[in-house]
Structure formats: C-alpha cells, structure tokens
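Here is the structure we will look at.
The values are calculated or read from the model by the stated rules, or taken from the named source; none is laboratory data. This structure is a prediction, so every number in the text was calculated from the model and none was measured. We place every Cβ from the backbone using ideal geometry, glycine too, and count neighbours over all the protein chains shown. Areas reflect the complete protein model, heavy atoms only, side chains present, ligands, DNA and RNA absent. Shrake-Rupley method; radii C 1.70, N 1.55, O 1.52, S 1.80 Å.
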Amino acid sequence: MEDSSMGGVVPAEERGGEDVMAAEKDLLCPICMQIIKDAFLTSCGHSFCYMCIVTHLHNKSDCPCCAHFLTPSQLFPNFLLDKLLKKTSTHQLSKTASPVEQFRHALEQGSEVSIKELEFILSLVTEKKRKLEQEEAERNMQILLDFLHCLRKQKVNELNEVQNDIQYIKEDLNAVERHRIELYRARDRCSVKLRMVSDDPMGMRSRSSSMDRNISGLVCNSCNAQGGISSGSFPYKKEEGKVQVKPLGTLSKDSSFSGPTSQNISQSGLAVIRKKRVHAQFNDLQEFYLQKRRQLVNHLENQEKKDKSVISREGYSSGLADFQSALSTFTRYSRLRVIAELRHGDLFNSANIVSSIEFDRDDELFATAGVSRRIKVFDFSSVVNEPADVHCPVVEMPTRSKLSYLSWNKFTKSHIASSDYEGIVTVWDVNTRQSIMEYEEHEKRAWSVDFSRTEPSMLVSGSDDCKVKVWSMNQEASVLNIDMKANICCVKYNPESSKFIAVGSADHHIHYYDLRNTCHPLHVFSGHKKTVSYVKFLSNNELASASTDSTLRLWDVKENLPVRTFRGHTNEKNFVGLTVNNEFLACGSETNEVFVYHKAISKPATWHRFGSPDVDHGDEDAASYFISAVCWKSDSPTMLAANSRGTIKVLVLAA
C-alpha cells in the first residue's frame, strides 16, 4: 500500500515547473503565439499584442478567441499585464543571460550604481582581461613551440638523410676512381702490347697461342670497358701470305678510318652530347641514383639483422652498378631512326587503323591487325632488308569482325590469339591459316587477350561486358570468370607465373589478381585519372600502365607501390599502344608521334613524328592521325610502330 500511495505523489519541483510552463502559456499572444508585446485588452476580456489585434480587425470584426463582435474602439491598454511581462522578462534574463548581459540590462533599466562599485567592477574586468590575454598568449606560444619542434625534427631527419646521401656519394666516388685507375692501367698495358706487336711482329709470332689469346682478350675487354678503340679499328694487310697489323700512325688517306685524331674528336664530341643529356635530366637521374643506393643500404641492413656474420665491404655496389647501367643506356640514345616503312592498308579498303602489332616468339615474324578485318603476318628481315614500295605479307587471314588485339604464343611459334569487336576470342594457326579454337562467351567487345608465357595452353581475355575470362586450349568453355564493376580494357599475365594477372579497367584502377583466389584482388593500384588502356610487365615485379589521362605509370607489384609517372605524350580518347622491355617504355600519342621513356626518367628520352612525302599537307584529316600500336623487338633498341593511317615504321634508337 505504501508503494502505491508513494507512486501517486508528484514532487514539488515538477509541479513548480508545470506551473511556470502554464503561466508562460498565458502570456502568449493567441495570434502570433509569442510573448505579448504592448498588451491591449478587448471588451470581451482577452489580451493581444497591439499590432496583432489591430491587423486582425482590419480584416475581420470579431475577437480571435471568442468570435465576439469587436471594433478598434473596444481596445484598451493593459498596464498591469505589461508590468507583469517586464518582470517575467527580467526573471528569465537572470536565468539564461551571462553576468555581463545581466549587468548591461540592469544599467539599461536605470539601476543605480555608485562610483566605488563601478571602480571595483572595472578592476575585476581589467584583471580578467589581463588573465585571458595571458592564457591566449600562452596558447599561441605553445602552438609556435610545437611547430618549431616539428620543424627541427623534420630538418634533422633531412640533414641525416643528406649526410647519408653524401656518404653514399663519397663511397661511390672512391669506388669509381679505383675502377677508373684499373681501366687506365689496363689501357696502358694494352698500348704496350700493341707497340710490341708493331715493332717486332716476327718475334711476337713465335709466342705461344695462349699468350695471343690472353693479349687479345685484354685488348678487347679493356678497350671496350673504357669505351675507346676496339680491335676493329686496326686494318690488316695481307702480303706474301703474312698477316700484318698496320700501325695507327701509318693509316693511309684512303682508309675508311680517319685516324686517331678524328676518332678522338668524335669520341669527345659524343661525350659532350651525353653529358648534356645528363644535365638535362639531372633531377630525375639524381632521384633514381639515391633511390637505388637507399634501397641497397636498407637491404644490407636487413641482411645484417638476420645474419650477424654479414660484413659490409666497400666497392662497386650493386646499387651503383644498376645506376651506371641505367645512366649509360639513357645517355646512349638521343633519337629514333627510321630503317624501314610499309603501308598496311588495302587499295580497296579505306579503314587502315592498326590496332595491334606483335612479334612472334623468335622475332622473325610480326603480325598486324585492326579494323580491316585481316591478320597480316610479315617477315621482319624482308621488310628491313628488301626495298619495296609495298611489302606483301607472308600470311594473311580474313576475320569476321574488326580486331582489337593480338597475342603470339611464346611456346608454339605458329599459334596467335586475337580478340574482336564481337567479343570472340580466336586462336589461329599461322601455318594452316585456320582458326583452331573460338571462344564466344563474351557478350560485348573484347579489348584484350594474352597468352601465358609459363603455361602456353592458357590465355586470358577482358571485355566491355565487365568480365575477365581465363581459357584453356584443351576445352571449349572458359575455366575461370572474374566479374568486375567496370569495362575491362586490358589484361596481362605476369611473365614469371600463370597464377597472376593484371587487369586495367575503366574505373581508373589496375587490379592485380591471384587466380587461385579471385574473390578479391591482391592489390588495387590507384593513381590514374581516366581509363587504364594498357598494362605490360617489364619484369615479374615491374608493371607499366597507360591511361587516357596522358600518363604512363610504373608500379612495383611485389611491394604494391607506385614507382614513377611518365608525362610528355598526348592521350585523351584513343588507344595509342604501349610496349616495354627491360629498360624502356614506348607509347603512341594523338599528335601522331612515338614517345620513348627510360624507366628511370619521367620525361621522354626521345620521340619521332610520323609523316611521309605522299601525305597531302592540305588534307584536313592529317591532324587527326594518331599512333595506334607499338611493339619492341624483345630487348633490342628496335621497335615497330603503326598509326591510324595504316603506316608502319621500323624504328631503332640511335645516338
């Protein structure tokens, strides 16, 4: 009983709160539902804001509360309610307003304050102001102090990094100086042996053949290492059955060699040109050098942690060797030279765009395909060595649809795969000129196809139907499907494994998959701003990609890191081709140019513009031509390039 009786008791605080709320409701104007301002009373006993009731009576002649007839003459000021409202406002202000607002309100209401009280208040305010300023100054000082600590830490780290870099450079300078001295000594020994041969050829002939081989090896190795005179610089005379070496100082005027003076001049001129190339790309070369050296040091430190017996030795480090290799390769070439040219187009077919061009396993044949609905296979040596206005293909195979891509089988020389605009992936036998497998599962255009290098019976394709399909030449249906959310523009097997593929997509990303678990990619490489049109592997850890954002990008698929971005060409809407080898990347441009990049340098190493004398300069379509396909000849400096007009050129990197 006690519990039930206690449950019916309402606390005094709650009752007080309800009374206050009810009182506040009574002070609201029935028209605007706000606290009444300038209260007026009607003859029927209701109170309103003066402006609210006057505005109402302009439209109607009744009381808004009881509908009693009412005119403006029946309105009277409600002084008692106004006084009550002022007290209520003061009470509410004391509850919600800050002390400053209350003080200001009291002064505005005419409250009397003595001079002594004002002086006391002013002193309090002044002291409070001083305290706040002090706290604000301390906060600002702490922020500045934190910033300076961070800056000092950052600069100390940078200084340590610079000091480490300087130490690397000192070590490498010493190593290079020692290596150069060794080369000079080898050159001097070479010169001594040559003088001995020149002064006493009959005596030298009696020496053992093993000594001759040793001397020959020394001459070739030392001279080639120094970049100097090779054995081919010494003309031989055959007189009376004897082979004699003609001394350098006695070369005849009609000799094909111009002597040591002109040769030294040409060598020095070439050295100057190569130095200019170094200075032109100094920042990129510096970044690449430091990257290689730091990677080497980190690798050695990790080895030392694992194996305490590892002893670091000074010498020609692998990092420096890698950089020297890249430097010499980069500075060796300055242009692309045309060594052959042919027309891919048919006389009766105006559609000449070459979509794909690929070398076979042995680099003896190359195949082309495009919108002309034909796969044409050419003999490379014939194209290069036999002058002809129109080179005829050794094999030509008609297709049902326009072709987008080709891929030679690197194991079976005669097998080549194609993808077409109807989504069909076909494997052809070049010897029989017949298709041996046709896969028709793709629902839209197939953009790319690639044979595995390690499993020659396996191939992969990608399509606008957002599907990647893995095929086997041993069965007609696909063996694996990967459903993606965007169009697939390119696919490529890792050259060292048939388990890994790279997929370029219209979602601006490269998806790297392990085919043993395709639920999620191993990694998604992000950075391109538009569609990824090509992916190619330089090695099992280095992946290059091209995009219609006018960039190429290099990625490390082992560490899942971006390495470098290459800019210089123009590519905003077309497929312009991408090809790679161990050192270089090459792509086309919508300016009808071929661009070549060294993988260590973000700017173009060289480029070549297409054009031929038979092009009509008044042709309005000439400006719309673009490079549509490119392909390196393995790891040689030779490449093939084709454009949208059907012109194919054989280009070679030259000094």
Name the shape class, rounded, prolate or oblate, that the alpha-carbon gyration tensor gives for segment 315-466, where a ≥ b ≥ c are the square roots of its eigenvalues, rounded holds for a/c under 1.5, and otherwise prolate holds if a/b is larger than b/c and oblate otherwise. oblate
Could you order D450, D62, D38 by accessible surface area, starting with the largest, using a probe radius of 1.4 Å? D38, D62, D450
Amide H partners (placed H, <5 Å) of W428, local residues excluded: I416, A417, S418, I436
Which net charge results for the neighbourhood of D165, defined as the other residues with beta-carbon distances under 13 angstrom from its beta-carbon, given Lys and Arg at +1 and Asp and Glu at -1? -1
Working with all protein chains in place, sort F69, F500, F103 by solvent-accessible area computed with a 1.4 Å probe, largest first. F69, F103, F500
The local net charge around P562, scoring Lys/Arg +1 and Asp/Glu -1 for residues other than P562 whose Cβ lies under 9 Å from its Cβ, equals +1
Surrounding net charge for N431, when Lys and Arg each add one and Asp and Glu each subtract one, Cβ distance under 15 Å: -3
Pairs over 30 Å Cα to Cα, from K128/K155; K275/K558; K292/K529; K292/K649; K376/K529; K469/K573, come to K128/K155; K275/K558; K292/K649; K376/K529
Work out from phi, with θ = phi - 60° and the Karplus expression 6.51 cos²θ - 1.76 cosθ + 1.60, the ³J(HN,Hα) of each residue of segment 477-494, listed in order in whole Hz, and give x for Gly and Pro. 8, 5, 9, 7, 10, 10, 8, 10, 9, 9, 4, 9, 9, 7, 9, 7, 6, 5
Counting only residues 5 or more apart in sequence or on a different chain, those whose built amide H sits under 5 Å from that of S317 are none
Check which residues have an amide H placed less than 5 Å from K402's amide H, if you skip close sequence neighbours. Y421
